[in-house]
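Worksheet for the structure shown next.
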Amino acid sequence: MFVGPALLGGAFGALGGAALPTAAYRLSVPWRGAGEASVPARRTCRHCEQPLPSGDPDGPELKRRAPLPIFVDEDCHTLADVPACAERAHGLTVKLAKSGGIREAVRIAHAGRALGLGLMLGCMNESGLAVSAGAQIASLFDHVDLDGNLLLAEDPWPGVELVDGVQLPPDAPGLGVRHARETVP
């Protein structure tokens, strides 16, 4: 499980809040209950995604003091962004829609891996066309969250198959999807 800013909570509250970046400390309040020191987020969360706004100057300090790995999403769109992201995060969340496609996503993954960063492949609210493209490179990533097509009432480009919680790339040529109006022979 990973959490974003809204659920970050006690993970940073456990540090007592002293000298923490203000945005991260504010996020610790929701998970603190009456008389409760903090919720042990390390037991239920593997990492936190984008706890600070993109480019926030407190990123390196938050990375240094974080009780669980920080992954950035909004900070990383192209290969050129990776070195700065390595200073502020333990991992990168790559989205094909933000990176410009498969080729740049693969470049980001290789650069992140070379710098010792964890890698997550994510997506936006997208059709099976984009999810299938992501599924083609999913093996490069530690964590995969490709569910954008499952959020659509009707996917205009079906083809990706959800099996045991995993989006599998189609066996058909190319990205293996077809337009929903197209008949299958």
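Taken together, the values in this text are just the output of simple stated rules run on the coordinates, not laboratory data. Note that this is a predicted model, so its numbers are computed, not measured. With ideal geometry, Cβ positions are generated from the backbone for all residues, glycine too; neighbour counts draw on all protein chains shown.
Observations, loosely collected:
- Taking packing as the residue-averaged number of other Cβ atoms within 10 angstrom, the listed peptides 108-117, 133-142, 170-179 run from highest to lowest as 133-142, 108-117, 170-179.
- Under 9 Å, Cβ to Cβ, from SER54 - net charge with Lys/Arg +1 and Asp/Glu -1: -4
- Spin-label pair ARG178/HIS110, simplified geometry with 7 Å Cα→Cβ offset, distance in nm: 3.5
- The stretch between ALA138 and LEU162 holds 7.2 nm of extra length on full extension. This uses 0.36 nm per residue minus the Cα-Cα distance.
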